[in-house]
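The values are calculated or read from the model by the stated rules, or taken from the named source; none is laboratory data. It should be emphasised that the depicted structure is a prediction, and the values quoted were computed from it without experimental measurement. Note that we place each Cβ from the backbone using ideal geometry, even for glycine, and neighbour counts take in every protein chain shown. Areas reflect the complete protein model, heavy atoms only, side chains present, ligands, DNA and RNA absent. Shrake-Rupley method; radii C 1.70, N 1.55, O 1.52, S 1.80 Å.
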Amino acid sequence: MMKHTLISLLVLASISTPTLAESNTKHSVGLQIGGGGLDYKGKDTDSQGVAKSYLYYNYKFTHYFSAEVGLVGAEDIDDWECSKNADDEFICYSDDSDDFEIVADDFDFGSVVVAIRGELPLSKHNSLYGKIGAEFYDYEFGLMREKTFKENGTGLFAELGWQYRWNNGMGLSASYQFHNVGDLEMEGLNVGISYAF
């Protein structure tokens with residue numbers, strides 16, 4: 001009898017502990033990857049050609065709101081190619097598309113994000129969320145292996161998404177992310193994983 005009671009208590013504790021831990025978690029870390037396009041001074045990459053990653057730490061200070069810091073990295077992934085035409089002007093394209101308007105064949109972006117995250121629970125495991133904050137950025141364009149333009153400063157970071165989190169703290173997300181940084185706007189879709197503890 002004592003043995004069965006002890007086993008029952010152990011099973012009950014192992015089932016209830018993740019749920020209890022989940023409700024008391026204040027910290028989470030995550031990684032998102034995605035792709036999209038950018039618009040520089042009104043010149044568009046036709047919404048393709050940029051890969052992004054976002055690594056973040058999140059501290060929940062109320063049930064629905066968190067503070068977040070993160071690192072963003074992005075670079076061109078499609079074949080950004082440029083060649084000179086008969087008039088000795090550069091013509092650039094991406095994946096054989098001639099409506100690529102930016103005169104560059106290389107792009108690198110990095111930033112530090114400080115944001116507030118709000119969460120709207122839909123069920124025990126599902127939620128919608130939004131993030132808004134400041135982005136301290138540094139990016140550059142290159143042409144024929146030479147830097148042609150570099151800019152840094154402070155801009156706007158925003159994200160809207162959906163998240164599913166299991167009782168063990170692991171989570172999956174899908175989101176739309178937007179960056180408004182100086183003369184550059186970058187947007188795209190992300191998927192991510194996270195862990196709350």
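Classify segment 55-197 from the C-alpha gyration tensor, please: rounded if a/c falls under 1.5, else prolate or oblate depending on whether a/b exceeds b/c.
Prolate, since a/c reaches 1.5 and a/b exceeds b/c.
Under a crude label model (7 Å from the Cα following the beta-carbon direction), how far is Trp162 from Tyr59 in nanometres?
If labels sit at Trp162 and Tyr59, their model points lie 3.2 nm apart.
When only the heavy atoms of the protein chains count and the probe is 1.4 Å, how do Lys52, Lys41 rank by accessible area, highest first?
Lys41, Lys52
Measure up Lys26/Lys131; Lys60/Lys124; Lys26/Lys150 against 27 Å on the Cα-Cα distance and list the ones that go over.
From the list (Lys26/Lys131; Lys60/Lys124; Lys26/Lys150), the Cα-Cα distance tops 27 Å for Lys26/Lys150.
I need the calculated FRET efficiency for the pair His125 and Asn180, taking r as the beta carbon distance and R₀ as 35 Å, to the nearest 0.05.
0.60
So if each residue of separation counts as 0.36 nm, and I subtract the Cα-Cα distance between Glu140 and Ile77, what length gain in nm does that give? Mind showing how you got there, number by number?
Numbers: separation 63, 0.36 × 63 = 22.68 nm, distance 1.49 nm.
So the chain would gain 21.2 nm between Glu140 and Ile77.
Taking the Cβ-Cβ separation of Asp88 and Ile116 as r and a Förster radius of 35 Å, what is the calculated FRET efficiency to the nearest 0.05?
E between Asp88 and Ile116, to the nearest 0.05, is 0.10.
How would you classify segment 98-169 from its alpha-carbon gyration tensor, with a ≥ b ≥ c the square roots of the eigenvalues: rounded for a/c under 1.5, else prolate if a/b is greater than b/c, otherwise oblate?
Judged from the Cα gyration tensor, segment 98-169 comes out prolate (a/c at least 1.5, a/b above b/c).
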